[in-house]
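Heads up: the structure comes next, in C-alpha cells.
The values are calculated or read from the model by the stated rules, or taken from the named source; none is laboratory data. What you are looking at is a predicted structure, and each value in this text was computed from that prediction instead of being measured. Backbone-built Cβ (ideal geometry, glycine too); neighbour counts: all protein chains shown.
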Amino acid sequence: MKAVVTGGAGFIGSHLVDRLLAEGLDVAVLDNLETGRRENCARALEHPRCRLHEVDIARGVPQAVFAGADWVFHLAGLADIVPSMEAPARYHQVNVDGTVHVLEAARMAGVARLVYAASSSCYGIPEAYPTPETAAIRPMYPYALTKHVGEAYVLHWARVYGLPAVSLRLFNVYGPRSRTTGAYGAVFGVFLAQKLAGAPYTVVGDGQQRRDFVFVEDVVEAFLQAARAPEAAVAGQALNIGAGEPQSINRLVELLGGEKVHIPRRPGEPDITHADIALARRLLGWSPRTSFADGVAAMLRHIDLWKDAPVWDATSIARATASWFKHLG
Ligand code: UDP
C-alpha cells in the first residue's frame, strides 16, 4: 500500500510517517520545509520506502506523487495564532487553497481514504464541556478560520464528489518534535526550553486554565484508524480527537518541576478545552491510551530536542503577542 503524507516533516506528520513505514506502507512525504524540519523525518528518509517531495501546496501539488496512493493524510498547513493575524492571506493560501489542491489530486488519483488534520480551535470559546462536534463553530482568528474552511472543503468533496474523506479535529497535541524554534506558540515547547535554561515557566494567568492535551502517538493511532475504518462509517465525518481529560497548566508545571512566573491572560483564550470523544470512540474504535503523566515523562526523556529552542520570558512574550492583544483585546 502507498500513503501520501502532506506535512510529513512536521511534528505530527513525521510521527505518522514513522508509523506508516513500520506498518509496511510506501510513504511519499510532501513538505516545503517552511515550518516542517528535515531532522524530523531524517531517519524515515533513510528508509527505501520513503521519499520527500519538497512542494509548497499553496502553489499546487504534483499529481504523479498521488498516483497509486491508497491513503492521503493531509497535515500540511500553517499553525499558530499570532503569525496568522499578521499574514492572513498567506494562511488562506496554504490552509485553504493548499487543501483544495490536495483534494483535487486525491480525487484524480481515486484514493481510498483522505484524512484531514483539522483544529479544535474552530469551537472558539465553546458553551458545552465536553464539547461535541455539533457545537457552534466560532473561529476567533485567521488560523482557526482557515483550518475550518479547509475542513469545509474536505467535507464538501466527500459530499459532492464522493471522496472518502474524514476530518479529525485535533485538540492540544503534544509530544517529541513539537516545534522547537520560531514563533511563540504551544506551551510545551516554551516550558521545555525554559526548563533546560533553568528559567521560570511563564504561566498565563493563574495557571488553573485547563487544556485537553493529547499525546502524539494516540493521535497517530487515530489517523490510522480513520484510514482503516469502513468508508460507510466515517466518510464525510468530522471527529474530535483529544484525551477527554483536561489538565491544568499548574499540573503541567508540577510534573515538569521548577519555578514559575505569571504573565497576563491572553484575550479570547478559553479557560478550558475538553473534547467529547464519544463519536471517535464509536466510529473508529479508537481511544487515547497515554496518561498525562506518562506523556510528560516521554517529553522529558526527549528534552534535548529543545536545546536550540528560544527561551521566552515575560518581556519577549509581551512583545511577540502584541498584535494578539491589539486585535483581540
Ligand atoms: N500557556 C502558558 N504559558 C505559556 C504559553 C501557554 O501558561 O507561555 C498556557 C495557555 O494559557 C493555555 C495553555 O498553556 O492555557 C496552552 O497554550 P497553547 O498556546 O499551547 O495552546 P492553546 O491556548 O491554543 O490551547
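Annotations
- Failed item in (1) buried (at least 22 other Cβ atoms within 10 Å of the Cβ); (2) touching a Pro at 6+ places or on another chain (Cβ under 6 Å), with LYS147 passing the rest: (2)
- Among the candidates GLY175, GLY205, GLY185, GLY242, residue that is near the ligand (Cβ under 8 Å from one of its atoms) and either under 13 Å from the mean Cα position of the chain (by Cα) or crowded, with 22+ Cβ neighbours inside 10 Å (or both): GLY185
- Test: residue in the range 249-261 that is surrounded by fewer than 16 Cβ atoms within 10 Å (Cβ to Cβ), within 27 Å of SER84 (Cβ to Cβ) and either touching a residue at least 12 places away in the same chain (Cβ under 8 Å) or more than 9 Å from the ligand (Cβ to nearest atom) (or both): yes
- The residue that is nearest to ALA280 (Cα to Cα), counting only those in the range 137-181 that are among the aromatic types (Phe, Trp, Tyr) and touching a residue at least 60 places away in the same chain (Cβ under 8 Å), is PHE171.
- Any chance TYR141 is surrounded by fewer than 22 Cβ atoms within 10 Å (Cβ to Cβ) and of a type in the set (Phe, Trp, Tyr): yes
A quick yes/no check of all residues on (1) of a type in the set (A, V, I, L, M); (2) in contact with a strand residue (DSSP E or B) (Cβ under 7 Å, 6 or more places away or on another chain):
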residue: GLY175; (1), (2): no, yes
residue: LYS195; (1), (2): no, no
residue: ASP218; (1), (2): no, no
residue: ALA229; (1), (2): yes, no
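- Residue match in the range 99-116 (condition: over 30 Å from LYS326 (Cα atoms), crowded, with 24+ Cβ neighbours inside 10 Å and over 19 Å from the mean Cα position of the chain (by Cα)): yes
- Pairs with Cβ under 6 Å, 6+ apart, first in the range 218-238 and touching a residue at least 24 places away in the same chain (Cβ under 8 Å), second β-branched (Val, Ile, Thr) and part of a loop (DSSP other than H, G, I, E, B): ASP218/THR290
- Subset of the range 312-326 [among the β-branched types (Val, Ile, Thr) and within 15 Å of VAL82 (Cα to Cα)]: ILE317, THR321
- For the range 288-309, the criterion of being modelled with pLDDT under 95, among the small types (Gly, Ala, Ser) and within 21 Å of the chain's Cα centre (by Cα) is met by at least one residue.
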